[in-house]
Amino acid sequence: MSGIWRVALLCSLWALVALGAVENEVVSVEDLDDAFRQQRREAAAAFRVRYREVAGSLDAEYHAAARAGYEAARELMVAGQFRAARRSARRTYRAYPFAHDAPRLAHLLMRLHAATGSPVEARRWLVDLWERYPGYADIEQALNEALTAAVVLRDAGLTVDLMAEHPRDALKVRDLGKVLAANSLFRFLSVHGDRQEHAPMALLGLARSLLAEGGRKKVFEARLAYDDFLLAYSQHPLVFDALIELAISHLVTYRGPRFDVGVIIDATHIIDQAELYTQERPERVAIVSHYRRMIRGWHQDRDFYAAEWYRDHRQWDAARYYYEWVVRRDPASPQGQQAATLIEGLPSDTIDEPRMRIKDWIRK
């Protein structure tokens, strides 16, 4: 073995030893996030203590300079010069963090970032406002503005049409980046917003983004999010929308009459619950009727397929059972009319007739 290969082998062995030594010290992303949040909270708590200690003892010139900086940044914002307003407000905030107008500067920076489509930065300033200045008088207004910004951004990236022809078209993503960016504000509001408007809207927004992303894992997570919403806000005006979208989360996983019908049954029960929240509003009644027709048609296709399968296997009683269900559910449908004709020609299972073997049926 040459010297070069011997050195390479030794380096590889040392790397494996080192990897084994630190294997138990690997920190997950979740742990890093938790550690960062804990550090942020500790820093905010220390700031609050310092703010209470020095805010009242600072001279008038300090507060006047902060007020002048705030007014200058606000005038720039009103004039539409958002970038200059951000620079001016940030510079003033960093210079005078203990001034009486410091919370207003943080609020202004949140509004500026939200207005310019930077929800992650807007959330950062909203968090600072929430954690550093808990007594801020206009915090409710700040939460309302954050919610409005998140909804506008979400709507720019996601279209919701509960009357779509197919469930997979009910939530259409136009710009996933905007949807995920809006979630940064929704997550904060779902925890810290009020239970009448902010938190319910935010939680429903998060559930919608999961459902819109698609994929088995995301759809399952969306169902859990809708369940959380319905459990926490069972009397909220958005319960009807949440129930319809929860039903959609089941319907989008239906793969056709050859597969399990369980998701259709689950969606049927959820639509029945949604009917209790229509409040006789015509648009809601129309949505319930729309999904009932869709589910009924799919259920008809599935039961008719099952009846045909049993008939091909010469299991006449089982075939008759499913044909009868097709007729009973909707005799006027194409499946119902065809089933009513076919059921008359079925013999009884008592007839001694050889049944088709499964391998012969597969070869058909």
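The values are calculated or read from the model by the stated rules, or taken from the named source; none is laboratory data. Nothing here was measured: the structure is a model prediction, and the numbers come from that model. Here the Cβ positions follow ideal geometry from the backbone for every residue, glycine too, while neighbour counts run over all protein chains shown.
Odds and ends about this structure:
- Segment 44-95, residues that are within 20 Å of Pro134 (Cα to Cα) and β-branched (Val, Ile, Thr): Val49, Val54
- Some residue of segment 193-202 being in a helix (DSSP H, G or I) and at pLDDT below 90: no
- Test: residue in segment 176-188 that is closer than 24 Å to His250 by Cα and either of a type in the set (Gly, Ala, Ser) or not in a helix (DSSP H, G or I) (or both): no
- Among the helices (runs of 4 or more DSSP H) confined to segment 88-167, there are none with at least 3 residues that are touching a residue at least 40 places away in the same chain (Cβ under 8 Å), in contact with a Lys or Arg (Cβ under 6 Å, 6 or more places away or on another chain) and within 20 Å of Leu58 (Cβ to Cβ).
- Qualifying positions in segment 180-221 - under 19 Å from Leu153 (Cβ atoms) and charged (D, E, K, R): Arg187, Glu197, Arg208, Glu213
- Residues that are hydroxyl-bearing (Ser, Thr, Tyr) and farther than 18 Å from Ala46 by Cα, drawn from segment 89-105: Thr92
- Selection count where residues are buried (at least 17 other Cβ atoms within 10 Å of the Cβ) and small (Gly, Ala, Ser), scope segment 221-272: 6
- Of the helices (runs of 4 or more DSSP H) lying entirely inside segment 242-330, those containing at least 1 residues that are under 30 Å from Phe220 (Cβ atoms), in contact (Cβ under 8 Å) with a residue 40 or more places away in the chain and of a type in the set (Ser, Thr, Tyr) are 282-312.
- Pairs with Cβ under 9 Å, 6+ apart, first in segment 184-212 and within 15 Å of Glu145 (Cβ to Cβ) and of a type outside the set (Asp, Glu), second at pLDDT below 90 and outside any helix (DSSP H, G or I): Met201/Gly193; Ala202/Gly193
- Qualifying residues in segment 81-113 (those that are closer than 17 Å to Glu53 by Cα and buried (at least 21 other Cβ atoms within 10 Å of the Cβ)) - the one nearest to the chain's Cα centre (by Cα): Pro103
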